[in-house]
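Step one of this worksheet: look at the structure below.
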Amino acid sequence: MGRRIWAIFRKEAQDIVTNFNVSFIYLVAIGIVLLFQRTIGAVGDPFITGFGILFLLAMGGIYVPSMLVAEEREKRTLEVLMLSPATPLEIFIGKGLLTLVSMALTALVIYLLQGVALSEIPVLLFLFLLGVCACIPLGMVVGMLAPNILSTGLVGMPLYMAFTFLPMFAERGTVAQRLSQLVPTTHVYEMTLMVTAGGEPSIGKAAAALLVIFLVACGLLAFAYRRRAAALT
């Protein structure tokens with residue numbers, strides 16, 4: 001199992017290096033933080049940190065895995081993987097692990113640029129990684145639905161928009177607030193604001209919500225995978 005996961009991880013690492021779209025998303029997230037530092041606030045502003053992490057999670061967590069899966073479909077190599085000895089779990093872990101690692105490194109850069117206290121970074125990274133884990137399966141579902149890489153933006157647009165804007169408009173009304181609790185970015189965004197502002201966050205409650213969303217996302221991915229695999233037999 002470990003060898004197959006490592007082989008898939010290495011393959012994805014080689015592909016992501018040459019994929020400018022993936023690198024661009026990470027660079028934009030860091031660029032947004034640097035731009036906001038110069039225009040709307042000083043280093044350490046909780047809103048700047050929160051929005052940078054929100055953008056990275058909403059776009060990177062969904063878009064990156066969707067592109068990786070859509071690329072496999074476009075090259076007809078996803079079918080090869082699905083018919084190989086590798087189990088669905090090994091495929092998903094191998095493909096998702098790269099997104100998890102690259103997103104964690106980018107988030108760490110944002111925390112450091114924002115001067116977040118070193119004592120707060122482990123908690124923030126923990127919640128962020130839970131959020132990424134909840135986003136990755138949904139991104140893979142988008143990749144399975146999209147016929148090619150170019151269409152991932154259109155197919156996943158509702159998720160990108162909801163995951164980016166719902167957390168910021170959660171306090172505008174009861175409906176928006178309830179809907180925002182269904183997306184992982186809300187819990188990560190709120191905890192980031194609270195931790196960096198020196199508040200007392202409900203880490204356990206946020207982690208539990210992210211875990212539930214992750215399990216639901218995995219269920220959706222398993223369903224999409226079975227439908228795709230059935231089409232090949």
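Here are the numbers for this structure:
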{"quantity": "Vicinal HN-Hα couplings computed from phi for region 203-220 (Karplus, 6.51 cos²θ - 1.76 cosθ + 1.60; Hz; Gly/Pro x)", "calculated": "4, x, 5, 5, 5, 5, 5, 5, 5, 5, 4, 4, 5, 5, 4, 5, x, 5"}
{"quantity": "Among 135-147, 196-208, 102-114, 55-67, the order from most to least packed when residues are scored by Cβ within 10 Å on average", "calculated": "55-67, 135-147, 102-114, 196-208"}
{"quantity": "Phi to ³J(HN,Hα) by Karplus 6.51 cos²θ - 1.76 cosθ + 1.60 over region 151-166, Hz, x for Gly, Pro", "calculated": "7, 5, x, 6, 5, x, 3, x, 5, 4, 5, 5, 5, 8, 9, 4"}
{"quantity": "³J(HN,Hα) computed for each position of region 23-32 - Karplus, 6.51 cos²θ - 1.76 cosθ + 1.60, integer Hz, glycine/proline x", "calculated": "4, 4, 4, 5, 5, 5, 4, 5, x, 4"}
{"quantity": "Ordering of 28-37, 159-168 by packing [mean C-beta count within 10 Å, highest first]", "calculated": "159-168, 28-37"}
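Any read-out appearing in this document is the output of simple, stated calculations on the displayed coordinates, not a laboratory observation. No experiment lies behind these values; they were computed from the predicted model shown. Positions of Cβ are backbone-derived with ideal geometry, glycine not excepted, and every protein chain shown enters the neighbour counts.
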